[in-house]
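Everything on this sheet refers to the single structure shown next.
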Amino acid sequence: MKILQFGGTGQVATAVRAAARDGVEIIALSRAECDLENVSQIRKVIEAADCDLVLNTAAFTQVDPAESRPDEAFAVNATAPGVMAEACAARGLPFVHLSTDAVFDGRTDRPYVETDEARPINVYGRSKLAGEQAVRAHPRTVVLRVSWVFSRYGRNYVSFMLRLARERDVLKVVADQFGTPTDGEALAAFLVATAPRWAAAPSGDPAFGLFHFANAGETSRFDFAKTAIDRDPRARAQIEPTTQAAFAEPAPRPPRSPLDTAKLREMFDFEPEPWRVAVERTADRLIASDLTV
Ligand SMILES: NC(=O)c1ccc[n+]([C@@H]2O[C@H](COP(=O)([O-])OP(=O)(O)OC[C@H]3O[C@@H](n4cnc5c(N)ncnc54)[C@H](OP(=O)(O)O)[C@@H]3O)[C@@H](O)[C@H]2O)c1
């Protein structure tokens, strides 16, 4: 089983390589090997690839900079995945792409299901939604929406908050934004384990399509951060709740965007862990390695 992976240096990309087991080879492409703003390079790479499935873990993920760099965000998050899906379809390869809860406006009284209307409220969300639509125009494609991804790899919310809690006296964390954290290592294990199923599935198989992937439960940014920080004996910051409005970031955030994973759980017989269990384990591992993993 050979997986061609766009995104070599990112958080999920690194977790996928760590999750690869016997019989699964990951051919990872960094930005230097394939720049997602270069569509002819993307086409050439897929045309020449010796692989059974293509996985895109690369994205323009900087939510605030996307507001002032929309062309770059749309090139990487919308045009590039559309070109990947088209090139995969031409070769009969399945294509798996990651998207985000940021396609929703966050005004909901229950977790979002796949059929809920996407109404993004920032450039990042609009570019990711355009990417989903470009990918889903092709057969044998999978779009997995994930939210608040954390892991031992890359710079993510858990590792960032642990670091800040060691550096600062006071750490203000947003308490009026709610969602479902996603264990990036569980996501990576799921992608690697499910790749053979997608590779064998014919066009029209229900294993293709749009799915939500996240841990079980819902929390606030504040509780998410505090759960990790409470594990660290070297944390010294006093953690104080604040509001999104007080942060005044360039990009508005959906206030509540939990993902309902029932469709994925039924289709793939997969049971996500409660978010708190996964956050505590990840924090413990990061702390044990002195936050250097
Ligand atoms: N992290 C989250 O909380 C979160 C939440 C919801 C959805 N997601 C989605 O999950 C996926 C994986 O996210 P992640 O956390 O792994 O993101 P990440 O750590 O920020 O990694 C993004 C990757 O994309 C690469 N990239 C960006 N622009 C590129 C370009 N022009 N050409 C080639 N590569 C480029 C980056 O390369 P460089 O290192 O060279 O910049 C990096 O390897 C993305 O689709 C993201 O939208 C993430």
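Cβ contacts < 9 Å: first residue in contact (Cβ under 8 Å) with a residue 24 or more places away in the chain and among the acidic types (Asp, Glu), restricted to segment 267-280; second residue open to solvent by 50 Å² or more (accessible area, probe 1.4 Å) and not in a helix (DSSP H, G or I), any location; separation 6+ or different chain. Result?
If the second residue must be open to solvent by 50 Å² or more (accessible area, probe 1.4 Å) and not in a helix (DSSP H, G or I), the pairs left are GLU280/ASP230; GLU280/ARG231.
Show the residue pairs meeting these rules: Cβ distance below 7 Å; 6+ apart or different chains; first residue within segment 79-101 and under 21 Å from PHE60 (Cα atoms); second residue more than 11 Å from the ligand (Cβ to nearest atom) and charged (D, E, K, R).
Pairs found: VAL83/ARG43; ALA87/ARG43; ALA87/GLU47; PHE95/ARG140.
So which residues in segment 28-53 are touching a Lys or Arg at 6+ places or on another chain (Cβ under 9 Å) and either away from the ligand (no atom under 11 Å from the Cβ) or β-branched (Val, Ile, Thr) (or both)?
Selection gives ILE46, GLU47, ALA49, ASP50, CYS51, ASP52, LEU53.
Let me confirm something: among VAL135, VAL123, VAL173, VAL143, which residue is over 24 Å from LEU93 (Cβ atoms), at pLDDT 95 or above, crowded, with 22+ Cβ neighbours inside 10 Å and within 14 Å of the ligand (Cβ to nearest atom)?
VAL123
Checking the structure you have, find out if any residue of segment 109-117 is closer than 20 Å to GLY10 by Cα and out of contact with any His (no Cβ under 8 Å at 6 or more places or on another chain).
no
I'd like to verify a number: residues in segment 249-266 that are surrounded by 16 or more Cβ atoms within 10 Å (Cβ to Cβ) and farther than 18 Å from PHE104 by Cα, how many?
The total comes to 2.
Does segment 280-293 hold any residues that are among the acidic types (Asp, Glu) and not in a helix (DSSP H, G or I), and which are they?
ASP290
The values are calculated or read from the model by the stated rules, or taken from the named source; none is laboratory data. Note that the structure is a prediction, hence the values are computed from the model and not measured. Cβ atoms come from the backbone with ideal geometry, glycine included; neighbour counts cover every protein chain shown. The protein model used for the area step is the full one, side chains on, heavy atoms only, and it has no ligands, DNA or RNA in it. Shrake-Rupley method; radii C 1.70, N 1.55, O 1.52, S 1.80 Å.
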